[in-house]
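Novice: Before I ask anything, here is the structure I am working with.
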Amino acid sequence: MSEPSLAELEAERERLYAQLSRVGDFRRGSVSENWRRCGKPNCACAQEGHPGHGPRFLWTRTVRGQRTRGRQLAAPEVEKVRGELAAYREFASLAERIVEVNEAICEARPVAGTASPSAPEGEKGGSATGSRSRGQQR
């Protein structure tokens, strides 16, 4: 299979941009379902086999790559947040694909004043003249 042409790559990029514009509301993170025991000895949750109180839903995310933040969700919010998390996964996937297509466009686009890319794929460009040793002067 041959490499896509520059026009095909640009058309793919436009298609991806159009998809990206339809993603809608999104947010990062995850939702966890938690059950807990309250610690009261006479509560039903203290009995063997009882799952505990819950479920409680917690939305967590990492802020600026450092801190984990969380917020408990009310039952009506859970499906809304899960949908927004799914939309974020779609956004991230599309963004990665856009980067890949843009890199291919950059490789396929000729250098100004030439009809072909700067160097064949996998080869270094290098300089036209060799380097001089430190002992030589101009």
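The values are calculated or read from the model by the stated rules, or taken from the named source; none is laboratory data. None of these values were measured; they are calculated from a predicted model. Please note that ligands, DNA and RNA were not included when accessible areas were found on the heavy atoms of the full protein model with its side chains. Shrake-Rupley method; radii C 1.70, N 1.55, O 1.52, S 1.80 Å.
Novice: If you roll a 1.4 Å probe over the heavy atoms of the protein chains, what accessible area per residue do you get for the range 44-107, in Å²? Kindly include the intermediate steps, with their values, before the conclusion.
Specialist: Values: 4340 Å² over 64 residues.
About 68 Å² of surface per residue is accessible.
Novice: Can you pull the percent of the range 46-118's accessible area that's carbon plus sulfur, 1.4 Å probe, other chains left in place?
Specialist: On the way: 2620 of 5130 Å².
Here carbon and sulfur together make up 51 percent of the probe-accessible area.
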